1. Taking 0.36 nm per residue of separation and subtracting the Cα-Cα distance, what length does fully extending residue 101 through residue 59 add?
2. Taking other Cβ within 10 Å of each residue's Cβ, how do 58, 36 sort, fewest first?
3. Test of understanding: ordering 38, 46 by Cβ neighbours within 10 Å, fewest first, what list do you get?
4. Going by C-beta contacts inside 10 Å, put 60, 123 in order with the fewest on the left.
5. Between residue 70 and residue 43, how many nm apart are label points set 7 Å from Cα along the C-beta direction?
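Just so you know, all these numbers are worked out from the coordinates, no wet-lab data involved. Please read these numbers as outputs of a predicted model, since none were measured by experiment. Note that each Cβ is placed from the backbone with ideal geometry, even for glycine, and that neighbours are counted across all protein chains shown.
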């Protein structure tokens, strides 16, 4: 009987992992295929912008399901039920970083949402800038 209960519990856990992986793939496709694209150039080196964005997403309790510093990509989604996720522009966001030169970084925000029931993309891009300034003050 105990073996049967353990087997059922393992199957439930494994099926949950598969659906989460499937959700991440679907979320990534939705972000990559979207026409809702927003850009901003920051007068800050690539590394600082990337790390500031990661800090911001952690502050928002976002679930980061892909972060690749070398490719300049962060894919994240709003965690279910977290009040602070009202700061995320949609459930799934893709943030792409491009080094313009040594002191400038272009950030492209892709969101699957067309109607922003949460924060606007401008709000999110402004929040990245605030996080950059905050990190600069701390590192002085």
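1. Details: separation 42, 0.36 × 42 = 15.12 nm, distance 2.81 nm.
Here the segment from residue 101 to residue 59 would lengthen by 12.3 nm.
2. Values: 58 11, 36 17.
Neighbour counts put them in this order, fewest first: 58, 36.
3. Working: 38 15, 46 21.
Listing 38, 46 from fewest to most nearby Cβ atoms yields 38, 46.
4. Numbers: 60 20, 123 13.
Listing 60, 123 from fewest to most nearby Cβ atoms yields 123, 60.
5. 3.3 nm
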